[in-house]
1. Within a 10 angstrom radius of the beta carbon, how do L163, L225 rank from fewest other beta carbons to most?
2. Give me the dipole magnitude in Debye, nearest 20, for the stretch 158-227 about the Cα centre, with unit charges on the beta carbon: positive for Lys and Arg, negative for Asp and Glu.
3. Give me the dipole magnitude in Debye, nearest 20, for the stretch 118-197 about the Cα centre, with unit charges on the beta carbon: positive for Lys and Arg, negative for Asp and Glu.
4. Could you tell me whether the stretch 103-219 comes out rounded, prolate or oblate from its Cα gyration tensor? Rule is a ≥ b ≥ c as square roots of the eigenvalues, rounded for a/c under 1.5, then prolate if a/b exceeds b/c, otherwise oblate.
5. Within a 10 angstrom radius of the beta carbon, how do L59, L145 rank from fewest other beta carbons to most?
6. Could you list, in their original order, any pairs among K58/K78; K190/K224; K78/K224 whose Cα atoms are separated by more than 20 Å?
7. Using unit Cβ charges (K, R positive; D, E negative) and no other charged atoms, how large, in debye to the nearest 20, is the dipole of the stretch 4-226 about its Cα centre?
8. Cut-off under 17 Å on the C-alpha distance; same-chain residues fewer than 8 positions from K156 excluded. Which lysines are left, in chain and number order?
Amino acid sequence: MKEWNKSGFFPLASRYYMENQDKMLSLLEGDRNAEVLDIGCNDGSFTLRVGATIGSEKLHGMDIDGAMMEKVRGKGIKAIVHDANTEFPYEDRFFDVVISNQVLEHLYNTDGFFSEVYRVLRLGGYAVISTANLSSFHNLAFMNLGMTPPGYHVSKVQVGNFLYGMKTHGHVKLFTSTALRDLARYHGFKVEKLMGCGIYPFPRRISNFLCMIFTRYSTYLTIKLRR
């Protein structure tokens, strides 16, 4: 099985991913007393960047990877092992900020996810959620050629396109910008901002310009929601 990080496309994809993290951080608000939850915190590196941007050390993390959570706790983050498809083990209205980066596309219970994020946020609190875009320019190009979009995973490896045999990341759902906005509204949120990042195969400056005009075609979608 071929590893994605060995692909010739990985450097560009990684650059878009890091740039998308920067865009997420740009949506955060300073509050040294904010209780912050990072859903899908992985190794906690991005969680720490979130805390530094907000100015808060009250950081909580949640991820399904138990071994990784031991390392995250060592970074001063209150991390727990939990499946984001199920009810979150937190009290109602406990957090001021909830952030989640590239988790939504891995969940089968996306209604439950939005419902739980709403429940654990305090009144006036906000969430910043980023996910892969179903209607990205490159996904549409693949479909127009009769191939399976690389971001839409039907196997543990890529099938139906020229990346055949490459290990996938386990995406079970993908959203368009309209669907993401509508689902958030359905669960009671006010949508404050919807932005995109990355349009293959354009270089950064051109890609950034196109994303401002054609958000619906970007590689990543990021939405800021207010409770």
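Every number here is computed from the coordinates shown, using simple stated rules; none is lab data. These numbers were taken from a predicted model, which means no experiment stands behind them. FYI the Cβ positions are ideal-geometry reconstructions off the backbone, even for glycines, and counts take in every protein chain you see.
1. L163, L225
2. That gives the stretch 158-227 a dipole magnitude of about 300 debye.
3. With only Lys, Arg, Asp and Glu charged at Cβ, the dipole is about 300 debye.
4. oblate
5. The most exposed by this proxy come first: L145, L59.
6. K78/K224
7. The calculation lands at about 640 debye.
8. K2, K6, K167, K173
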